[in-house]
Every structure is written in C-alpha cells, then in structure tokens.
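Chemist: Next up is a structure, given as structure tokens.
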Amino acid sequence: MTTSDIQLIVSLCELDLDDEELQVEVENLLPQIREVDGVEDAGLVEVAEVPENSKSLTGYVLGMLKTVFVDKAHLKNVFGFLRDRFGHKPIKMTLKAGDGRELNLEASSREEFAFAMEKAEDFLNNTKNI
C-alpha cells in the first residue's frame, strides 16, 4: 500500500446473521469485490486491526472486509457495488485516507448510500476535514 492508497473497511455485522452465515457472506463477497474496477486488493480484516467488541475467527474479524484502492475516482465504483449488493441492508464502513484520516459511515438504504458517497467524496477532497 502506498501513502496515496485509500482503504474502506466494511462491516456486515449488522445483518443479523449467525457467525457461520456471516463468514459465508463475507467469503462470497470477497471475489466479487476484488473484481470491482479500481480495487487493488481486498481481504478479511486481521485480528490485529480489530475494533473493540468485534468477534474474531482464526485470526480474522467476523463480518468485516477491507478493500484498498489507489485513486479516489474509484470510490464510486466501490460504493456502487456495495449499494447494489446491500442497498436495503445495514452496513458500517470506515474510510481511511492515505494521510491517516478516518471517516465512519453507515448506510441501510439506497438513499443513505448516496449520502454516504457524498460524505466520502467531500472527506477525500477536503484535507482539513476530520
């Protein structure tokens, strides 16, 4: 990852699935998100990166995945994929800019995904936004 890389950590933990179903959902999502234009890498979130109160399994956090893309222009592709896949389900996202800033977002409808996308673009375009 370079200093210009942008990370998006997606949490599917709000989907009311049991641990096994959650793991299956994330494992099915990984190859699909890796195919999104502009995604440089995607993988499970390792335990070393675990937010408080998260469950882990075999060194990875249940229900969380991380995507890395280099150019903020690809943000629309990633959000579009997530909107199409989870447009009516609650998910949480953490956007990490290359300079270390973070933005927490939540969406559970197509409208909220559009609003989250606007917030993410503003965040990445404004270096003073924290």
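FYI, it's all coordinate maths here, none of it is from the lab. None of these values were measured; they are calculated from a predicted model. Neighbour counts are summed over all protein chains in view; Cβ atoms, including those assigned to glycine, are modelled from backbone coordinates with ideal geometry.
Chemist: Once phi is turned into θ = phi - 60°, what whole-Hz ³J(HN,Hα) does the Karplus curve with 6.51, -1.76 and 1.60 give for every residue of region 110-119, x standing for Gly and Pro?
Modeler: With the stated coefficients, region 110-119 comes to 4, 5, 5, 5, 4, 5, 4, 4, 4, 4 Hz.
Chemist: Quick one: in region 6-125, what % of C-alpha pairs are over 18 Å apart?
Modeler: 48 percent
Chemist: Let me check against my output: what whole-number percent is the relative contact order of region 6-125, with C-alpha pairs under 8 Å and at least 6 apart?
Modeler: In percent, rounded to a whole number, it is 31.
Chemist: Quote the FRET efficiency, to the nearest 0.05, computed for N77 versus F115 with a Förster distance R0 of 22 Å and r equal to the Cβ-Cβ distance.
Modeler: Taking R0 as 22 Å, the efficiency between N77 and F115 is 0.80.
Chemist: Excluding same-chain pairs closer than 8 in sequence, count the lysine pairs in region 6-125 whose Cα atoms lie under 17 Å apart.
Modeler: The result is 12.
Chemist: For region 6-125, give the magnitude of the charge dipole about the Cα centre (Cβ charges: +1 Lys/Arg, -1 Asp/Glu; no others), in debye to the nearest 20.
Modeler: The calculated dipole for region 6-125 is roughly 300 debye.
Chemist: Using θ = phi - 60° and the Karplus form 6.51 cos²θ - 1.76 cosθ + 1.60, what ³J(HN,Hα) does each residue of region 26-41 get, whole Hz, x for Gly and Pro?
Modeler: Coupling constants for region 26-41: 5, 5, 6, 6, 3, x, 5, 6, 5, 8, 5, 4, x, 6, 7, 7 Hz.
Chemist: Shifting gears a bit: For I6, which sequence-distant residues (separation of 5 or more, or a different chain) have an amide H within less than 5 Å of its own amide H, given hydrogens modelled in the peptide plane?
Modeler: It is F69, V70, by chain and number.
Chemist: How many nm is it between the label spots at N126 and S108, if each spot is 7 Å from the Cα in line with the beta carbon?
Modeler: 2.6 nm
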